1. In nm, to one decimal, how far is the residue 64 label point from the residue 50 one, both placed 7 Å along Cα→Cβ?
2. Could you run the Karplus curve 6.51 cos²θ - 1.76 cosθ + 1.60 with θ = phi - 60° over the range 17-22 and give me ³J(HN,Hα) per residue in whole Hz, x for Gly and Pro?
3. Name the long-range amide H neighbours of residue 18: under 5 Å, sequence gap of 5 or more, or other chain; modelled H, no Pro or chain starts.
4. Which FRET efficiency, nearest 0.05, do residue 77 and residue 28 yield, Cβ-Cβ r, R0 25 Å?
5. Normalising by the residue count of the range 21-82, find the relative contact order in percent from Cα pairs under 8 Å and 6+ residues apart.
6. Each residue of the range 31-36 in order: what ³J(HN,Hα) in whole Hz does its phi give by Karplus 6.51 cos²θ - 1.76 cosθ + 1.60, θ = phi - 60°, with x for Gly and Pro?
7. Kindly provide the trypsin sites (Lys or Arg not before Pro) of the range 35-67 that DSSP labels as loop, not H, G, I, E or B, and whose Cβ sees at most 16 other Cβ atoms within 10 Å.
8. If amide hydrogens are placed 1.01 Å from N in the peptide plane, which non-local residues have theirs closer than 5 Å to the one on residue 70?
Amino acid sequence: MTIESSWFQTHPGTGLAQGDLLLNCPRLTIAGFDTWPPTSAGLRVQREDLSAIILTQSCDLEQEKVEEVLLARVRGHLEVASRGTVPGAGERT
C-alpha cells in the first residue's frame, strides 16, 4: 500500500453510502435565465464533471427514504490554494 492510497478504501458493489467519493460526477446546470420569462431558445444545459462526496445518511439511502442525494463538491488543496485565502479562515467568534 502506498502513502497516497493508504487513507481510503474501495468497496465493490453498487450501493451508495455517506462519505463515498464520486469522481467525474456530472453536474448539469441550466443557463440562460438572463431575461424573464425565459425562452426555450435562450436556455442551454451546461455540463461540468467534478469530484463530490455524498452527505446523505447511509441508512436513508439503504432504506430508500430519499429521492435526492445531497452532495458536496470536493476541491483539491492546490485548487483551494490557487484561489487565495478562504473567507472566514482564522476568524474566531
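Each value in this text was obtained by applying a stated rule to the coordinates, not by laboratory testing. Just so you know, these numbers come straight off a predicted model, no measurement behind them. Reconstructed Cβ throughout: ideal geometry from the backbone, glycine too, with neighbour counts over all protein chains shown.
1. 3.0
2. 9, 4, x, 5, 9, 9
3. Here 58 satisfy the definition.
4. Values: r = 27 Å, r/R0 = 1.07.
Calculated transfer efficiency: 0.40.
5. Answer for the range 21-82 is 32 percent.
6. 10, x, 8, 6, 10, 10
7. Working: sites: 44, 47, 65; in loops: 65.
Loop-located and lightly packed - 65.
8. Close amide H contacts, sequence-distant or interchain: 55, 56.
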